[in-house]
Amino acid sequence: MKIGQIVSEKRKEKGLTQQELADFVGVSKASISKWENDMTYPDITLLPLLAAFFDITMDQLLDYHSQLTTDEIKRIYQLLQKSLLKQSSEEVLHELRRLTRRYYSCYPFVLQMGLFILNHLDYFLNKTDKSSMALYIEEARELFLHVKQGSKDAHIVQQACDYEAYTLLVLEKSDAVLELLGEYVPSYFPRESLIANAFQQKGEIEKSDATYQSAIAQYLFVMMSGLTNYLQLLVHDLDKFQITYLRGQAIAEAFELDQLHPISWFNFQISAATGFAQLDQKEIVLEIIAKVPGIITTLKTPLVLHGDAYFNRIDPWLEQLELGPQLPREASNIVSELLAIVLEHPAFFSYQEEAVFQKIKQIKEQLDE
């Protein structure tokens, strides 16, 4: 709070001495001095009197703003993310809860704090207490419920609903997920076409182009995520698995996904490799895993999403996302975890002596140093 600074500024605006203000409020001159130097705060019972005397609101006196801008939300999220590298998980979680209470009516912020818990569960979990995961998942769910119940923004409410469904799925409450979302995928109306056509009518062709690009990029990321998960459903159907992989690989190569969104590319390849391993397709497993070291060496920290020669107008769209172009987790941690899957997944146990797996082991050791 900047209450000391506010008191000092308002006192001087009125042309009062510290003694004159002290006489009006009924405290000593020393008390006013301590307030203005941030050594102490006024008694809570004096706040209405001070606000009335200066003809300002209580929020103005306390310099309190209940809402945060998008940039402020991004900054706080990133600061909490960096704090995990320096402070204990308990300290970071305490700060997260304190900030959440302070900005409890800023629903976009509360939503991101729920996501922060989900995105960094591995930091908070008690390794010896399996029940701790359910507690943190439930804490995130409560934040999403608060957003659903309080926000008037339909987009924010829909996001909160989807994230609540995710928490229910992790908690293995499948019936609750279906009750919340329904049993069928809802029909989708392409809003981006309306936005792009509106820009085109106005003669703003570049903005129309940027709108289509951002939509296509998002479809690409969502499709690759869907194919990544779908592969795991097909591990008992070699023909369908191969077709799905080849089609996904063709899309990834066409849009140069390894450069555009390397983590999405990485996830797809690892999902394919684990599936092919379970289907006893050793040759293609080694072929896929052989690609991993090359892409790892190209990754930069911090890892941020960006456009390329084809998607040359999506950077402004990425910037305006809730967290901007940065990933919700530290890039080095994401890469280390993906490499750990390669080295620790049961499907790859029989491959660990292969040269490419030994190379990946060396890369992970270097990252962990």
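The values are calculated or read from the model by the stated rules, or taken from the named source; none is laboratory data. Values in this document were obtained by computation on a predicted structure and should not be read as measured data. Cβ atoms come from the backbone with ideal geometry, glycine included; neighbour counts cover every protein chain shown. Areas reflect the complete protein model, heavy atoms only, side chains present, ligands, DNA and RNA absent. Shrake-Rupley method; radii C 1.70, N 1.55, O 1.52, S 1.80 Å.
Things to note:
- Residue check for residue 123: open to solvent by 20 Å² or more (accessible area, probe 1.4 Å), of a type in the set (Phe, Trp, Tyr) and touching a Ser or Thr at 6+ places or on another chain (Cβ under 6 Å): yes
- Contacts under 7 angstrom Cβ, first residue in segment 1-26 being within 18 Å of residue 44 (Cα to Cα), partner open to solvent by 60 Å² or more (accessible area, probe 1.4 Å) and not in a loop (DSSP other than H, G, I, E, B), 6 or more apart: 22/29; 25/49
- Single match in 121, 135 (criterion: without any contact (Cβ under 8 Å) to a residue 12 or more places away in the chain and on the phi < 0 side of the Ramachandran plot): 135
- Condition check for residue 72: of a type in the set (Asp, Glu) and either open to solvent by 90 Å² or more (accessible area, probe 1.4 Å) or touching a Leu at 6+ places or on another chain (Cβ under 9 Å) (or both): no
- Number of the condition not met by residue 256 [criteria: (1) over 29 Å from residue 358 (Cβ atoms); (2) free of Cβ contacts under 8 Å to residues at least 60 places away in the same chain; (3) surrounded by fewer than 18 Cβ atoms within 10 Å (Cβ to Cβ); (4) more than 23 Å from the chain's Cα centre (by Cα)]: (1)
- Within segment 202-223, not a single residue is within 20 Å of residue 267 (Cβ to Cβ), touching a helix residue (DSSP H, G or I) at 6+ places or on another chain (Cβ under 7 Å) and not in a helix (DSSP H, G or I).
- Number of the exception - residue 54 against (1) more than 20 Å from residue 102 (Cα to Cα); (2) open to solvent by 30 Å² or more (accessible area, probe 1.4 Å): (2)
- The single condition from (1) within 29 Å of residue 312 (Cβ to Cβ); (2) buried (at least 18 other Cβ atoms within 10 Å of the Cβ) that residue 249 fails is (2).
- Search result, residues across segment 14-50 that are more than 17 Å from residue 64 (Cβ to Cβ), exposed (fewer than 15 other Cβ atoms within 10 Å of the Cβ), of a type outside the set (Ser, Thr, Tyr) and within 44 Å of the chain's Cα centre (by Cα): 37, 39, 43, 49
- Of all residues in segment 144-174, exactly one satisfies the criterion of being open to solvent by 100 Å² or more (accessible area, probe 1.4 Å), more than 23 Å from residue 322 (Cα to Cα) and in contact with a helix residue (DSSP H, G or I) (Cβ under 9 Å, 6 or more places away or on another chain), namely 169.
- Among the residues of segment 298-332, those that are open to solvent by 40 Å² or more (accessible area, probe 1.4 Å) and in a helix (DSSP H, G or I) comprise 298, 315, 316, 317, 319, 332.
- Residue 243 vs. criteria of a type in the set (A, V, I, L, M, F, W, C) and surrounded by 14 or more Cβ atoms within 10 Å (Cβ to Cβ): no
- Across segment 342-362, not a single residue is classified as in contact (Cβ under 8 Å) with a residue 40 or more places away in the chain and within 16 Å of residue 261 (Cβ to Cβ).
- Residue in segment 100-119 that is within 19 Å of residue 139 (Cα to Cα), charged (D, E, K, R), over 16 Å from the mean Cα position of the chain (by Cα) and part of a helix (DSSP H, G or I) present: yes
- The set of residues from segment 333-367 being over 29 Å from the mean Cα position of the chain (by Cα) and open to solvent by 60 Å² or more (accessible area, probe 1.4 Å) comprises 346, 349, 350, 353, 355, 358, 359, 362.
- As for segment 179-194, it holds at least one residue that is assigned to a loop (DSSP other than H, G, I, E, B), open to solvent by 80 Å² or more (accessible area, probe 1.4 Å) and among the hydrophobic types (A, V, I, L, M, F, W, C).
- All positions within segment 278-292 that are in a helix (DSSP H, G or I) and either open to solvent by less than 10 Å² (accessible area, probe 1.4 Å) or charged (D, E, K, R) (or both): 282, 283, 285, 287, 288, 289, 292
- Top-ranked residue of segment 58-91 - restricted to ones that are small (Gly, Ala, Ser) and not in a helix (DSSP H, G or I), ranked as farthest from residue 48 (Cα to Cα): 88
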